Amino acid sequence: MSVAEVDEYLAAVPEPQRTTLNALRRTLRSLLPDADEGIGYGVPVFRVDGKGVAGFAAYATHCSYLPMSGSVLGALGDEVAGYRTSKGALQFAVDEPLPQTLVETLVRARQAEITASRRPGA
């Protein structure tokens with residue numbers, strides 16, 4: 001995994017998605033300063049201690065935040081109600097970065113899930 005791979009991914013993304021995802025990347029870097037950045041499953045991913053915490057992707061009509069879990073978004077209910085979601089992705093506008101408070105909530109939820117899975121008997 002390398003930062004250069006993420007740079008290459010973003011360089012290939014058209015505007016306005018590139019600017020929007022760069023804003024998300026800056027937010028994730030501030031929230032996860034010790035994370036490794038790289039490409040996983042073809043998209044940029046932030047990993048902490050080898051576990052995926054957050055990812056993102058660009059598409060023609062939207063951008064996606066990827067919590068690297070099939071249960072995080074469902075557990076957040078009202079906090080993600082204004083967005084189109086699937087089990088593993090939250091879609092948002094190509095020209096409007098996600099609010100930092102929402103990204104913080106998403107990251108905390110995934111980190112709590114990882115911590116819980118590491119407890120004995122979990």
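Taking (1) in a loop (DSSP other than H, G, I, E, B); (2) surrounded by 13 or more Cβ atoms within 10 Å (Cβ to Cβ); (3) more than 14 Å from the chain's Cα centre (by Cα) in turn, residue 79 satisfies each apart from (1). Summed over the stretch 24-54, the residues that are out of contact with any strand residue (DSSP E or B) (no Cβ under 7 Å at 6 or more places or on another chain) and surrounded by fewer than 15 Cβ atoms within 10 Å (Cβ to Cβ) give a count of 8.
Within the stretch 7-23, residues that are farther than 17 Å from residue 97 by Cα and crowded, with 17+ Cβ neighbours inside 10 Å reach partners that are among the β-branched types (Val, Ile, Thr) and at pLDDT 95 or above with beta carbons closer than 9 Å, at six or more positions or on different chains, in the pairs 9/39; 9/43. Residues in the stretch 106-115 include at least one that is buried (at least 17 other Cβ atoms within 10 Å of the Cβ), of a type in the set (D, E, K, R) and not in a loop (DSSP other than H, G, I, E, B). Looking at (1) within 11 Å of the chain's Cα centre (by Cα); (2) touching a residue at least 40 places away in the same chain (Cβ under 8 Å), find the lone condition where residue 55 falls short. The one condition residue 55 does not meet is (2).
The values are calculated or read from the model by the stated rules, or taken from the named source; none is laboratory data. It should be emphasised that the depicted structure is a prediction, and the values quoted were computed from it without experimental measurement. Positions of Cβ are generated from backbone atoms using ideal geometry, with glycine treated the same way; all protein chains shown enter the neighbour counts.
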